[in-house]
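Notes to accompany the following structure.
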Amino acid sequence: MTTLTEHSSVPGGSTAAAAAAALNKTYGSGDTTVHALRNVDVTFEAGTFTAIMGPSGSGKSTLMHCLAGLDTADSGRIWIGGTEITALKDAELTRLRRDSVGFVFQSFNLVPTLTAEQNITLPVALANGKVDRPWLAEITDTLGLTGRLSHRPHELSGGQQQRVAVARALLTRPHVVFGDEPTGNLDSKSGAEVLSLLRRSTREMGQSIIMVTHDPVAASYADRVVLMNDGELVGELAQPTPESVLAALTKLGA
Amino acid sequence: MLQVALAQVRLNARRFIAVSLAVMIAVGFLTATLIINSSSKASLTQSIGEGFRNADLVLTAQYVEEDQGFTVLDDDEVSLVRGSSGVAETYAVRAAYILFNTDGASSSGQLTNIPDDPSLLPVEVQEGNLPAGPDEVAVDGATADRLDLSVGSSLGISTQQDTAAGEDRELVVSAILAESRDPLMMGAAQLYAEDAVVAEYADPEYGFSSIQLGVSDGAAVRAVQTDLEQAFADAGTRGVAVRTVEEQTNYTVDSFTGGSDQLTIVLLAFAAVALLVCALVVSNTFSVLVAQRTRELALLRCIGADRAQIRRSVMVEALVVGVVASILGVGVAIGLMSAIVAYLRTIPESGFATLAVSPLAVAAGLGVGILLTVLSALVPARAATAVSPLAALRPAEDVRAGTRKGRARLVSGLVLTVGGGLLLGAGAVSANLLIALPGGILSFVGILMCGTLFIPPLVRAVGSLAAPLGVPGKLAAVNAIRNPQRTAATSSALLIGVTLVTMMMTGAATSRSAFEEHWTRSIRWT
């Protein structure tokens, strides 16, 4: 059933896919200062699919950027898969992104000059590693891409492009996959396809996923919804449904 | 990343056309200049060397200060040479300018004596036998064709004075010889006869024009050379130069080409300008390419490409473009020069032209072209690494000029402008191109680097003129300077082009008026 619990903070722990403690971040200066994150404490369990939701300007994207090592927080600590990343230098962060983190953006996920297969194996190629061929075959089969591997992104539909991005994110078996509104540009059918594939990867492969979204329907595919408002964590939902999510969001606005 | 870079070049090939053209032209210019230099030297060396190509050592008369004149090579010198150890064959060359008549047509030519030993004769016999008596003469093939002569034809020899007296010496053609490519002999008919005959027409005060000799088997050319020099010194004879064929050829070529090195320097100066412009075009193009690919670069950084990989990717693109364009540029230069030389050979006066593609020309063209392209892409490559992964998720922010990097650029730009300007002034005052050219290059690069200082204010001033056009005018004026960096970068491309065109046209007009002034002045004296 749906329950609204108080936000809990259990930082660290080697079982967590990602965690943050006392995170603070501000943008701008003087009159235009924006407190994007205020003292945020949050933990994401391994093997779970979590959605971060909130109105515009709530800081959900900023939280994800900091968790993924794309942006630096002003203060606080961040962990990915048990490793603290707060003090890592650029080169180490890059390696972390390459080996332990996957990304799916809303759009422009793929390198336009490479084929789908080359795009999927790109992180491995960047690491000068060897591609796990059976695993690649399994992923592309599950995502229904087997016939499209030699096509370039402009020859694929929006839904197929997002599935290629998901395949790329899953290939390296990262600690966590971050999604920034992955279905924002898709029609409801393609969107549903991508979301159910994400859920399947969590259920069947144990992949941890953290997704930022403003769409209640998308959030309902997750195991847990974390709510943010004005840079703060204001609530949580377990086993969300579109209705319970909508209700929680409306309450935020009130 | 290699994959990404190569895919970029392959799929977006059209974007690299302009850059490749720039590199091709600059490299082609440089290579062509070097080929011109080596070819003209080779052409002259080959043709001048024809005059003594079968000899080992050549003796010529030099100018002697104390005697205020040239030494005369005569029989004394010849016997000294003949008596020297290690000397096998000797050929004292005597020549005279004569007129000769064939079937009523009168032509002028040079009559040279044949050596005692035919192996020293510098031209080959094509038909017949060398003159064996005082009534025989050999003629070169071109003249024979022109005047319809063959073995057995007869012609009458005379000098200016003799013609009046109507006395012609009748000679029979005994051989047709290959035409010598010696530029001193080309154009005129080349006839050979026995020494006794030539001596009748040669100026006795002039002596022999040279003494050629072959060394005996087993003797070292250098040793014979030193011995002869010693012998002449012992005999108290000054002004006789003993040189190997190579030394003599180089000596003569140098006296001919004193001016052609100047030409090479001027051409290389133009090549340097072309290379500078090429570097600016490459740098500009890659900056634009990197700016256009901000999101893609950010995406790659997100997925885990580190800065070095990004930089390497841009450099690989530059390397590919550099290699392909440089090879094409060298090829075009060689092709063009081959065509020019082929054309020159059809003209009799320049028939001695040869194409000499020195390894330096090819190596310099390829090396400079590739190095230039890669180095010019260094700055854009570094800019590419500055793209943050976040740019994949939200639009990139403009770099403000107040940043440390912007200020460093301005300071270096000012230093280059002032320093380069001083060099330019010094070079102009002392009329020295080698000082002025680097000064010009440095000051121009400095001005480009300081572009953000003076271009936006100028554009703003011009923009205010658009105000009368109403709202579009005002919008245009404001947009033009919205991003000072971008305005400066765009204007730089135009600045380079206009500067180059103005410089060339001013140079052309100045040389033309200077030449005209010199011409009219010299006309007035004649």
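The values are calculated or read from the model by the stated rules, or taken from the named source; none is laboratory data. Owing to the predicted nature of the structure, the values given are computational and were not obtained by experimental measurement. Cβ placement follows ideal geometry from the backbone for every residue including glycine, while neighbour counts extend to all protein chains displayed. Protein only, heavy atoms only, side chains kept; ligands, DNA and RNA dropped before computing areas. Shrake-Rupley method; radii C 1.70, N 1.55, O 1.52, S 1.80 Å.
Descriptive notes on the structure:
- Among the numbered conditions (1) away from every other protein chain (no Cβ under 14 Å); (2) open to solvent by 50 Å² or more (accessible area, probe 1.4 Å); (3) not in a helix (DSSP H, G or I), the only one that residue A:134 does not meet is (3).
- For residue B:287, the test of being closer than 30 Å to residue A:168 by Cα, out of contact with any Asp or Glu (no Cβ under 9 Å at 6 or more places or on another chain) and away from chain A (no Cβ under 14 Å) is passed.
- Within the range B:129-153, the set of residues being in a loop (DSSP other than H, G, I, E, B) and either open to solvent by less than 40 Å² (accessible area, probe 1.4 Å) or basic (Lys, Arg) (or both) comprises B:131, B:133, B:149, B:153.
- Index of the failed condition, residue B:220 passing every other in (1) surrounded by fewer than 19 Cβ atoms within 10 Å (Cβ to Cβ); (2) touching a helix residue (DSSP H, G or I) at 6+ places or on another chain (Cβ under 7 Å); (3) at pLDDT 85 or above: (2)
- Condition broken by residue A:145, with the remaining ones in (1) surrounded by fewer than 20 Cβ atoms within 10 Å (Cβ to Cβ); (2) closer than 29 Å to residue B:9 by Cβ; (3) over 21 Å from the mean Cα position of the chain (by Cα); (4) more than 14 Å from every other protein chain (Cβ to nearest Cβ) satisfied: (1)
- Taken across the range B:287-299, residues that are in contact with a Gly (Cβ under 9 Å, 6 or more places away or on another chain) and either open to solvent by less than 60 Å² (accessible area, probe 1.4 Å) or within 30 Å of residue B:494 (Cα to Cα) (or both) do not occur at all.
- Residue selected from the range A:206-220 under the condition open to solvent by 10 Å² or more (accessible area, probe 1.4 Å) and in contact with a strand residue (DSSP E or B) (Cβ under 7 Å, 6 or more places away or on another chain), by the criterion nearest to residue A:104 (Cα to Cα): A:207
- Of all residues in the range B:104-128, those that are part of a loop (DSSP other than H, G, I, E, B) and either buried (at least 16 other Cβ atoms within 10 Å of the Cβ) or in contact (Cβ under 8 Å) with a residue 12 or more places away in the chain (or both) total 8.
- A single entry from A:140, A:94 fulfils the requirement of being within 9 Å of chain B (Cβ to nearest Cβ) and open to solvent by less than 20 Å² (accessible area, probe 1.4 Å): A:94.
- Entry remark, the range B:116-134: residues being under 14 Å from residue B:53 (Cβ atoms) and in contact with a helix residue (DSSP H, G or I) (Cβ under 9 Å, 6 or more places away or on another chain) number 3 in total.
- For the criterion of being within 17 Å of the chain's Cα centre (by Cα) and either part of a helix (DSSP H, G or I) or surrounded by fewer than 24 Cβ atoms within 10 Å (Cβ to Cβ) (or both), residue A:35 fails.
- Flag if residue A:110 is within 9 Å of another protein chain (Cβ to nearest Cβ) and surrounded by 24 or more Cβ atoms within 10 Å (Cβ to Cβ): yes
- Residue in the range A:80-100 that is in a loop (DSSP other than H, G, I, E, B), of a type outside the set (A, V, I, L, M), without any contact (Cβ under 8 Å) to a residue 12 or more places away in the chain and under 24 Å from residue B:3 (Cβ atoms) present: no
- Every pair of residues 6+ apart whose Cβ atoms lie under 6 Å, when the first sits in the range B:1-17 and is at the interface with chain A (Cβ under 7 Å from one of its Cβ atoms) while the second is outside any helix (DSSP H, G or I) and surrounded by 15 or more Cβ atoms within 10 Å (Cβ to Cβ): B:7/A:113; B:7/A:114; B:8/A:113; B:11/A:113
- Yes/no for residue B:323 being at pLDDT 90 or above, in contact with a Leu (Cβ under 9 Å, 6 or more places away or on another chain) and not acidic (Asp, Glu): yes
- Some residue of the range A:198-205 being open to solvent by less than 30 Å² (accessible area, probe 1.4 Å) and touching a residue at least 60 places away in the same chain (Cβ under 8 Å): yes
- Any hit, the range A:53-71, residues being in a strand (DSSP E or B), surrounded by 14 or more Cβ atoms within 10 Å (Cβ to Cβ) and among the small types (Gly, Ala, Ser): no
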